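**Q** Quick one: the structure is below, and I'll ask about it shortly.
The values are calculated or read from the model by the stated rules, or taken from the named source; none is laboratory data. Since this is a predicted model, take the numbers as computed values, not measurements. Counting neighbours? That spans all protein chains shown, and the Cβs are built from the backbone with ideal geometry, glycine included.
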Amino acid sequence: MPFDPRQRPLTAPEARVLATLLEKSRTVPDSYPLTLNSLAAGCNQKTSREPVMQLSDNDVLQALDALRQQALVVEIGGARVARWEHNFERGIGVPMQAAALLGLLMLRGPQTAAELRLNAERWHRFADTSSVEAFLDELQERSDEKGGPLVTLLPRAPGAREPRWAQLLCGAVDVDALQSGSANPPAAPALQARVEALEAEVAELQAAVRRLCAELGLDAPQSPPGRE
């Protein structure tokens, strides 16, 4: 019987491990299947991940063991080190295109159909947003015999132009928590530091231009609004 998240939802580490294996099989096939070190590094990436995690090797091994018991991953014995590969399509019971969408939703959180099409470019090239929506509709209308729905369309958040889709492999979605989080998203520390550094560089360059213009007897250029 296909995987049924209503009976035993994936934990957050299990979803991250499974989705990372799926991602790397599409984006870096020459390095796939993955060693434990490569898999842990992929799980803990700072980009294309929501939320960012910091899983230890032991966390990843525990997730792999649980996923193997559900026939969602397979260990491949190598000459020197074990490697791991996913069994996503067969274990979940979905086609390749739907697997790509589910993997992206597990890695990046809720997204609109248009965002999914853009983010899936390296996984599977969808012809248009309508084709993405068609696969999402199939996943949402999945019958009980096949394990029930695997995605849900969230209510449109205040101020949003389009509703977002969320995966159900980790269980039911807390809509209120998601919407309150999207209404006031926390600033990423690394991004904030980068912005502040760039602003400081711009200020220094503007000051240097003013000094040079003064020495040459030229009028200094006007600063953009809000830069003074």
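**Q** Is it true that some residue in segment 57-69 is within 20 Å of the chain's Cα centre (by Cα) and of a type in the set (Lys, Arg)? Write out each step before concluding.
**A** First pass over segment 57-69, keeping only residues within 20 Å of the chain's Cα centre (by Cα): 59-60, 63-64, 67.
Subset that is of a type in the set (Lys, Arg): none.
Checked against the condition, which is being within 20 Å of the chain's Cα centre (by Cα) and of a type in the set (Lys, Arg), segment 57-69 yields no hits at all.
**Q** With the checklist (1) closer than 23 Å to THR11 by Cβ; (2) at pLDDT 90 or above in hand, flag the one item ALA177 doesn't pass.
**A** So ALA177 meets the others, but not (2).
**Q** Hey, another quick one. So GLU14 passes all but one of these: (1) in a helix (DSSP H, G or I); (2) of a type outside the set (A, V, I, L, M); (3) in contact with a Lys or Arg (Cβ under 9 Å, 6 or more places away or on another chain). Which condition number does it fail?
**A** Tallying (1) in a helix (DSSP H, G or I); (2) of a type outside the set (A, V, I, L, M); (3) in contact with a Lys or Arg (Cβ under 9 Å, 6 or more places away or on another chain), GLU14 fails exactly one: (3).
**Q** Which numbered condition in (1) part of a helix (DSSP H, G or I); (2) modelled with pLDDT under 75; (3) within 30 Å of PRO9 (Cα to Cα) is the only one that LEU139 fails?
**A** (2)
**Q** When only residues in segment 1-29 that are at pLDDT 95 or above and of a type in the set (Asp, Glu) count, which is surrounded by the most Cβ atoms within 10 Å (Cβ to Cβ)?
**A** Here the answer is GLU14.
**Q** Another question, then. Can you tell me which residues in segment 1-34 are in the same structural domain as VAL73 (by TED's automatic domain parsing), over 16 Å from LEU105 (Cα atoms) and in contact with a Gly (Cβ under 8 Å, 6 or more places away or on another chain)?
**A** LEU34
**Q** What tally of residues in segment 103-114 results from selecting those that are surrounded by fewer than 19 Cβ atoms within 10 Å (Cβ to Cβ) and either part of a helix (DSSP H, G or I) or outside the structural domain of VAL74 (by TED's automatic domain parsing) (or both)?
**A** Final tally of qualifying residues: 2.
**Q** In the set ALA40, ALA100, which member is assigned by TED's automatic domain parsing to the domain that holds SER131, surrounded by 16 or more Cβ atoms within 10 Å (Cβ to Cβ), touching an Asp or Glu at 6+ places or on another chain (Cβ under 8 Å) and at pLDDT 95 or above?
**A** Sole residue among the options that is assigned by TED's automatic domain parsing to the domain that holds SER131, surrounded by 16 or more Cβ atoms within 10 Å (Cβ to Cβ), touching an Asp or Glu at 6+ places or on another chain (Cβ under 8 Å) and at pLDDT 95 or above: ALA40.
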